[in-house]
1. Just to be sure I understand, how many residues within the stretch 118-160 are part of a strand (DSSP E or B) and under 12 Å from GLN182 (Cβ atoms)?
2. Of all residues in the stretch 155-167 being in contact (Cβ under 8 Å) with a residue 24 or more places away in the chain and loosely packed, with under 15 Cβ neighbours inside 10 Å, which is farthest from THR219 (Cα to Cα)?
3. Spot the failing condition for LEU170; the list is (1) under 36 Å from the mean Cα position of the chain (by Cα); (2) surrounded by 12 or more Cβ atoms within 10 Å (Cβ to Cβ), and only one is missed.
4. Cβ-Cβ distance below 9 Å, separation of 6 or more or different chains: which pairs start in the stretch 174-195 with a residue that is at positive phi and end on one that is part of a strand (DSSP E or B)?
5. Looking at (1) modelled with pLDDT of 90 or more; (2) under 32 Å from the mean Cα position of the chain (by Cα); (3) among the aliphatic types (A, V, I, L, M), which one does ALA149 not meet, given that it meets all the others?
Amino acid sequence: MIKVNLLPQRKAKRSFSSVVSSRSDGPSTVPLFIGLGALAAAAAAVFLVVDKPKRDRLSEMKDANAQLQVQINEKNKALQGYAELKSAEEESKKRAESIKRLMATKVVPAHLLHELGKVLTREGPTMTETMARLAGTGPDSDPNKRFVADWDPGHVWVTSFAENGVGFTLTGGAQSEQDVTQLSKRMAASVYFMDVTPAGGERIVDRETGTQFYRFTITGRVAY
């Protein structure tokens, strides 16, 4: 006789050792954790050893630059007007040099020396109101009397000035004939000179330097 057991079969309980044994048979995660830890340690080392010092140094440099800019701004405020003073000093030196050259050629009245010094600098001649209009750039100006206001007097130099009570003769050198024209127009506009006329000139080559310049003569009368 055959017996059939219809009751469900109970699975045998697995022992703890068998469970551990079965889990240990799969791939281990320990090396993964070790690798992640190593990467974290390396990143921390790079941050502490390389990145952080550079960031600290950059922050220090920014602070130093900010302090330096503050000092520069303060010094710029203290130097306001320095450029104007320097320009005035250079003009005074040019006038003094011009006067010295004139005094070395002939003794003339002090007021005339002063006026020639003004003519030979950017300050310009002493003019009457009428002459200032004629020599200016307004609608009632005269092209024959007009001179360039920003002409550089350093383009000419005086070598001699002779005055005999009747007239004067001024000789010197210039970079170009146009510079002589500007000098003549300034002298003609001055209240101290009359009948100013360029008396001719010639192109000269300096033997020592080979530099070319224009040697000129200007004649006229002094208005004492």
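The values are calculated or read from the model by the stated rules, or taken from the named source; none is laboratory data. All figures in this text were calculated on a predicted structure; none of them were measured in a lab. Here the Cβ is made from the backbone with ideal geometry for all residues, glycine too, and neighbour counts use every protein chain on show.
1. Step one: list which residues in the stretch 118-160 are part of a strand (DSSP E or B), which gives 156-160.
In the following step, the residues that additionally are under 12 Å from GLN182 (Cβ atoms) were identified as 156.
Matching residues across the stretch 118-160 total 1.
2. Within the stretch 155-167, the first condition is being in contact (Cβ under 8 Å) with a residue 24 or more places away in the chain, and the residues that meet it are 155-163, 166-167.
Imposing the further condition that a residue be loosely packed, with under 15 Cβ neighbours inside 10 Å reduces the set to 159-160, 162, 166-167.
On the way: THR159: 14, SER160: 12, ALA162: 10, VAL166: 11, GLY167: 7 Å.
Per the criteria, the residue is THR159.
3. Against the list (1) under 36 Å from the mean Cα position of the chain (by Cα); (2) surrounded by 12 or more Cβ atoms within 10 Å (Cβ to Cβ), LEU170 comes up short only on (1).
4. Short answer, once both residue conditions are applied: ASP195/THR219; ASP195/GLY220; ASP195/ARG221.
5. Just one mismatch for ALA149, condition (1).
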